[in-house]
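> Let me give you the structure first, and then I'll get to my questions.
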Amino acid sequence: MPIPEKLGGFKVLKDVARISLVSPKESGDFPAHVFRVLADQNINLPYATCVFDDDGWGITIVVEAEDSGKALAAIEKGLNKKPPFQTEGAILSIFPHRKNPEITRALFEAFDREGVSADAMASSPSAISVVIDQDLLSKASSALFGPFTFSAYRTPADWKLAQKGKEQLYKEVVASYQEKRPKVYGLEYQDQQALLQAKLDKGQVAALGPVFGRLARPGLSLTFLVASPCKATDQEQVSFCLSLSEEDLCQETLREAAPLAALASISPASTFSMNGPHFGDRYGIVSELLTAFEAGHVALLGLSCTIASITGVVPSAQMTSAIEAIQGRFDIPSVIERA
């Protein structure tokens, strides 16, 4: 039996609402328009993802329950349609995952064993966040104590006791978003990546757990991970990035081990990540980034925004242009290329 992986902890944000959007392929400015509409209404986004594939854009937005009515009204007015909407959700985040495929495998398999279905998933540089039905929160948190150990609490009961009276700890206390140039602690990027996109039937995402387990080895990182909606409503898509040198092996492993509806890849790609003091109440942050990319003619392939960080994917040939576009809108003290 595998030795449990030691993690720093996990935290939960309750009482959230999830909005899912899918655009036609030709709507290249769709993400920028959606996030601009939300930014104009000062709506905070504790979780947001958008990923492009051959069918168009798949977007997941999570807002706190108190902002759900305003968010729905803004999107309905801006897009002239009412988006799919689910209330009584929660975001569960585990950290640090160190971009290790083995952590992803263990999380997928733990949820699969306990019958916990994630409505959405994304990684930041430090954490993996899953969006689930709030009724599944107790089962999901208990499931984590199989593959993982946590220094602050030994059992699910210890964790539940530690949460009493501390429900607001997930929310970072930060200043209002006011800067003309939002401050960023630093920008990191990684070149020579492959973006793989696997479409599966609804509820089958957990089947990718063994795939990530077979790919895990020292030095291999998942630099991007998002589970998002797609045009076919009975399917969902998992998009992730790993070293370009691993692309062929990964495609072979996926085809052998997972019940795929479709598999595609884009390479070479580059990933980038950044976080800042205002990314906890991040209304306008994603909008600023997408506006910068529009102005710089940068073709975004995917983006996730969770746990005070933004992670994105662009074609390798446009990484320099992407950095220049980000520097034009954000105050960035350093740019670091990771091997």
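The values are calculated or read from the model by the stated rules, or taken from the named source; none is laboratory data. All of these numbers come straight from a predicted model, not from anything done at the bench. Ideal geometry is used to build each Cβ from the backbone, glycine not excepted, and the neighbour counts take in all protein chains shown. Just the protein is used for accessible areas: all its heavy atoms, side chains included, with ligands, DNA and RNA removed. Shrake-Rupley method; radii C 1.70, N 1.55, O 1.52, S 1.80 Å.
> Can you pull out the residues in the range 17-41 that are modelled with pLDDT of 90 or more, of a type outside the set (Val, Ile, Thr) and open to solvent by 10 Å² or more (accessible area, probe 1.4 Å)?
Within the range 17-41, the subset modelled with pLDDT of 90 or more is 17-22, 30-41.
Add one more test, that the residue is of a type outside the set (Val, Ile, Thr), and what stays is 17-18, 20-21, 30-33, 35-36, 38-41.
Answer for the range 17-41, where residues must be modelled with pLDDT of 90 or more, of a type outside the set (Val, Ile, Thr) and open to solvent by 10 Å² or more (accessible area, probe 1.4 Å): Arg18, Ser20, Phe30, His33, Arg36, Ala39, Asp40, Gln41.
> Then there's this: For Lys139, work out the one condition from (1) within 22 Å of Ile61 (Cα to Cα); (2) of a type in the set (Lys, Arg); (3) modelled with pLDDT of 90 or more it doesn't fulfil.
It fails just one condition, (1).
> Report, by residue number, each residue of the range 165-190 that is open to solvent by 50 Å² or more (accessible area, probe 1.4 Å) and either at pLDDT 90 or above or touching a strand residue (DSSP E or B) at 6+ places or on another chain (Cβ under 6 Å) (or both).
Pass one, the range 165-190, residues open to solvent by 50 Å² or more (accessible area, probe 1.4 Å): 165-169, 171-173, 175-176, 178, 180-181, 183, 185, 188.
Correct list: Arg181, Lys183, Tyr185, Glu188.
> Another question, if that's okay. I need a count of the residues in the range 201-217 that are part of a helix (DSSP H, G or I) and open to solvent by 50 Å² or more (accessible area, probe 1.4 Å).
So the first thing to find is which residues in the range 201-217 are part of a helix (DSSP H, G or I), and the list is 205-215.
Keeping just the survivors that are open to solvent by 50 Å² or more (accessible area, probe 1.4 Å) gives 210, 214.
Matching residues across the range 201-217 total 2.
> Filter the range 274-299 down to the residues that are part of a loop (DSSP other than H, G, I, E, B), open to solvent by less than 20 Å² (accessible area, probe 1.4 Å) and among the aliphatic types (A, V, I, L, M) and list them by number.
Within the range 274-299, Val298 is the sole residue that qualifies.
> Can you pull out the residues in the range 125-153 that are among the hydroxyl-bearing types (Ser, Thr, Tyr) and touching an Asp or Glu at 6+ places or on another chain (Cβ under 8 Å)?
Narrowing the range 125-153 to residues among the hydroxyl-bearing types (Ser, Thr, Tyr): 126, 129, 138, 141-142, 149, 151, 153.
Ser142, Thr149 - these are the residues of the range 125-153 that are among the hydroxyl-bearing types (Ser, Thr, Tyr) and touching an Asp or Glu at 6+ places or on another chain (Cβ under 8 Å).
> Follow-up question, since we're still on this one. Could you check, for the range 240-260, whether at least one of its residues is closer than 20 Å to Ala339 by Cα, in contact with a helix residue (DSSP H, G or I) (Cβ under 7 Å, 6 or more places away or on another chain), open to solvent by 40 Å² or more (accessible area, probe 1.4 Å) and not aliphatic (A, V, I, L, M)?
No: zero hits.
Conditions (1) in contact (Cβ under 8 Å) with a residue 40 or more places away in the chain; (2) surrounded by fewer than 22 Cβ atoms within 10 Å (Cβ to Cβ); (3) not small (Gly, Ala, Ser), marked per residue:
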residue: Gly302; (1), (2), (3): yes, no, no
residue: Ile307; (1), (2), (3): yes, no, yes
residue: Val313; (1), (2), (3): yes, no, yes
residue: Ser316; (1), (2), (3): yes, yes, no
residue: Thr320; (1), (2), (3): no, yes, yes
residue: Gly328; (1), (2), (3): no, yes, no
residue: Asp331; (1), (2), (3): yes, yes, yes
residue: Glu337; (1), (2), (3): yes, yes, yes
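> While we're looking at this one, here's another question. Return the pair list, or none, for Cβ contacts closer than 8 Å from residues in the range 136-148 that are under 23 Å from Val16 (Cβ atoms) to residues that are open to solvent by 10 Å² or more (accessible area, probe 1.4 Å) and of a type in the set (S, T, N, Q), at least 6 apart or on different chains.
Leu136/Ser117
> Looking only at the range 262-273, which residues are within 25 Å of Tyr47 (Cβ to Cβ) and surrounded by fewer than 16 Cβ atoms within 10 Å (Cβ to Cβ)?
Going through the range 262-273, the residues within 25 Å of Tyr47 (Cβ to Cβ) turn out to be 264, 266, 269-273.
Matches in the range 262-273: Ala264 only.
> Going residue by residue through the range 155-164, is there one that turns out to be open to solvent by 80 Å² or more (accessible area, probe 1.4 Å), within 26 Å of Met274 (Cβ to Cβ) and at pLDDT below 90?
Step one: of the range 155-164, the residues open to solvent by 80 Å² or more (accessible area, probe 1.4 Å) are 160-161, 164.
Checking which are within 26 Å of Met274 (Cβ to Cβ) leaves us with none.
The answer is no, given that none of the residues of the range 155-164 is open to solvent by 80 Å² or more (accessible area, probe 1.4 Å), within 26 Å of Met274 (Cβ to Cβ) and at pLDDT below 90.
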